[in-house]
Structures are given as structure tokens and as C-alpha cells.
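Note sheet for the following structure.
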Amino acid sequence: MRIVQVVPSMEGGKLAQEALEFAQEMARQGHESSVISSGGSLVSRLTLHNCQHFELPVHRKGLLNGRLHRKVRKQLESLQADVLLCRDSLCSWHGWKIWQALPEAARPRLITFLHSWPRGGIFGRGWMKGAVARGELVFTASQDLARRLSKRFEIPLADPEDSPTPFTVRHLYRGVNLRELDRRAPVSGHWQQRLLNNYPQLEGRSWLLLPAEIGPGRGQDKFLELLAELKQEREDLFGLVVGDVVPGQEKFARELERRAESMGLAEYVVFLGPRRDMRELYASARITFELSDPLYSDGRVVSEALAMGCPAVTLTGPGAEVLQKCFPQGLVDSSEDGAENSDSDKPLVATCLAILHKPEVIDFSGFSLEELGARAVGWFRQVRGAP
């Protein structure tokens, strides 16, 4: 099968990384995998894994894009694409316009992908945002997004076991590459020694891990408050904040460190910055947290931690749906948590203490990149066979 993805840029970020991983997995499974984007630093990694890349300015906004659409249309005809997978609202709009202009017999299946609910609503402040609902098959990053999109546009919500028919909505979680995050591979003793040499205060502690970009809404403030509560119950806990600072939020990062000191957490938390050893950190932590606001929560951290056998806790978003299936103990019971309740952190604290005392078994089956990629291909084939 010839699968072409359209993504605004391969410069980095969650969207580009997900497109890269999916393209590589499609190639690994024996399909012809291509990406059309405006280019970026991830292109070299894409082409290294037998994937093609075609650089076109699909990040460009505007109603008058006839020249761009002709170029993309010729590229699709040359590739004889079977599936055109458009990620985000802008690329979905470009893809829909291009798909309409193709002869009906030469059209690939048009698949659109909604990764997050647009700010201001699906039509708010943007004429292209509704295009994501025009795919013959619409993927969403979570069940909640699928329900919201189905309700907003009255598109049938496909049952997980049903064969998809044209113009249905399905959720497809982001899979984890288990060849890179292999829980069976031991953590090197040299890695542990280097980390302890750099941060001797970690020795003998139980590590709580928060991987997220540092900035407002990313959960670092909630993490500090949680750590302050937990250390009253257990003196052995230590917080690890991992992630680069969001550009322009350097002042926020400095204030965050000062706040940790003022809360008496100077000996209980360390800011590690960006890291390339997440596999080892997941494997060594007692709990991994995703505490971002819904706008920034994509479930990736939860899935990666669970894949490495590390219990995870989150409050909302796709990560909560993954926990429901793989590790229900990580779900926070906030049923009695009112907006005016001054003890609003108590359910989260109770969840963490229960996991630290006796974590339940994690069942991560069905969420690997290989499994979810194969599932997507099966749906592609079914839609291709539909009238």
C-alpha cells in the first residue's frame, strides 16, 4: 500500500514526531511510505528509514493556493497514492481541496486526523478548521475527541469492532515504539552511577518523574504542590522535572525554581532539563506524572511510562483513557472533589500513596506502535474496499 502523509513541518514538535514514527512503522511493515511537508530537521531521520520526503509549502495559509495544490496533486498522481493522511486542520483543508480536484478513479482514500480540539472551537477564528471532518475516514487522538467531533458534525462514531464505512470517526492512540522503549533491556549500572555522581541527593530516594516542557499549563506548579503534600507522608520521595523551557518562558522557569525553594523543596526536587535517557528514567522512577492542562496533554508520557513498566498518573486527556485500559490504579478519583474544596489535592495524593504502597500490574498490550500501525492499515484497507 502507498501511504502519503501531509504534515505542516518536520522541524520538530509532537505533530512532526508522530508523523515520523508512523511513516517509519509503515515502511517497516512493508508499505511505501511518503511524507509531504515544508521540511525540517526530522527529514534526515525520515529518509534514513526507507521513507520518501517531498518538500512543498503545505504550512502556508490562505485561500489562494492553486499553484501549491497543483504541485501536490501531480505528486500524488506520480506516487499513485492509495491513502492520503492529512494531519491537523490546515493540511486537512489542503488535502480536501486537492482530493476534490483529482479524477474520481484516481483518488486515494482521504483520511484526516484531529490531534487536539482547536482553540476557540472547531470553527472558531479559522475557516479551515472544519476541514478535518471531511475525510472519508476521520482519526482522532482519543475517544473523547471522537465523541466531540461526531456530535459537532453528526458523523457516525464507529464501533471498535465494526468495519469502517466512508465518513466515520475512529480514535487512534499514539503508539509506543517498543524497540526503543524495551522494558526487558536492563538499565546500565554505568548510567545509574553517572546520574548519582551528578546528583548525589538522588541516592536512596524514590523518584517521582514529571517529563514536560517547562511553561505555564504544563503541570510543574501542580507537581510541586503534590510533592509538598507527599513529603509530609514519606521523606524518601524525590521529584525529577525533565524538559526544556518553552521559548519565551525563561522567567517562568526561574520563578518555578524559586517557588520550590520557598516551599521547602530544595532538597526534594531537581530540574534536569532536556534528556535523551528517558528509557532509563522511566525504568527507574516509582511514578511518572502527566499533569498538563488538556490543551497540552497528549498521553505520550503516560504511554511511554507504562510501556517501560512504570506506573503513571494523569488527570485528563488521552493519557487517562490509556490508564483506564492498562493501569486503572493511576486514575484519580475526583468524584467528590468540588471546585470550592480546599483539600482538592487529596484524591491525587491518595492515588500516589496507594501506588507507592502496592502498585497493580500494568497491561500494555494493544498500545505499541506496531499494533496500532497494523490496526490503522487494516482500516485503510477496509475503507479502500468500501463503495
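The values are calculated or read from the model by the stated rules, or taken from the named source; none is laboratory data. Quick caveat: nothing in here was measured; it's all calculated off a predicted structure. Using ideal geometry, Cβ is built from the backbone for each residue, glycine included, and neighbour counts are taken over all protein chains shown. Areas reflect the complete protein model, heavy atoms only, side chains present, ligands, DNA and RNA absent. Shrake-Rupley method; radii C 1.70, N 1.55, O 1.52, S 1.80 Å.
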Approximate spin-label separation Arg384-Phe252, in nm, with each point projected 7 Å along Cα-to-Cβ: 4.3 nm
Under the span-like rule (Cα at least 27 Å along the axis, Kyte-Doolittle mean at least -1.0), DSSP H helices of the chain: none
Accessible area of region 6-91 divided out per residue, in Å², using a probe of 1.4 angstrom: 46 Å²
Cα-based radius of gyration of region 172-235 once divided by 2.2 N^0.38 Å, which approximates compact folds: 1.48
Separation of alpha-carbon centers, region 1-67 and region 168-200, rounded to whole Å: 25 Å
J(HN,Hα) series, region 30-40, from Karplus relation 6.51 cos²θ - 1.76 cosθ + 1.60, nearest Hz, glycine and proline x: x, 9, 7, 10, 9, 10, 10, 8, 7, x, x
Listed pairs Lys71/Lys97; Lys61/Lys97; Lys151/Lys325; Lys231/Lys358; Lys231/Lys346; Lys14/Lys251 exceeding 20 Å between Cα atoms: Lys151/Lys325; Lys14/Lys251
Per residue solvent-accessible surface (Å²) - region 161-238, probe of 1.4 Å: 52 Å²
Whole-number accessible area per residue in Å² for region 246-387, which is evaluated in the context of all protein chains at 1.4 Å: 49 Å²
The chain - percent of accessible surface contributed by carbon and sulfur, probe 1.4 Å: 46 percent
